[in-house]
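Visitor: Handing you a structure now.
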């Protein structure tokens, strides 16, 4: 009984090792592709600023901003966001 369990655990470890190697290789390839893509991007044209995707000075995730967006932002009341102090640790 223990021999069969040891056999199955050994097979599981071998499969997990192969999966880990494949995931590391995939992550390394993705990192290389991201570095290539970052180097190939030309940010000098500011293409998003001239498109309808950005509505300045406020941007909505949906790509649409209401007519009174600035008034809504100015009317928003700020609140105190300070956190209470942490309790002392018992040692």
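Visitor: Sort out for me the helices (runs of 4 or more DSSP H) sitting completely within the chain that have 2 or more residues that are at pLDDT 80 or above and under 29 Å from the mean Cα position of the chain (by Cα). Explain how you work it out, then say what you get.
Guide: Values: elements: 2-40, 47-50, 69-75.
Filter on the chain gives 2-40, 69-75.
Visitor: Consider only pairs whose beta carbons are under 9 Å apart and that are at least six residues apart or on different chains; among these, list those whose first residue lies in segment 1-25 and is on the phi > 0 side of the Ramachandran plot and loosely packed, with under 10 Cβ neighbours inside 10 Å and whose second residue is at pLDDT below 95 and part of a helix (DSSP H, G or I).
Guide: Short answer, once both residue conditions are applied: none.
Visitor: Scan segment 72-91 and report the pairs whose first residue is touching a residue at least 12 places away in the same chain (Cβ under 8 Å) and whose second residue is surrounded by 10 or more Cβ atoms within 10 Å (Cβ to Cβ), with Cβ atoms within less than 7 Å and a gap of 6+ or a chain change.
Guide: 73/58
The values are calculated or read from the model by the stated rules, or taken from the named source; none is laboratory data. No experiment lies behind these values; they were computed from the predicted model shown. Every residue, glycine among them, receives a Cβ derived from its backbone with ideal geometry; neighbour counts consider all protein chains shown.
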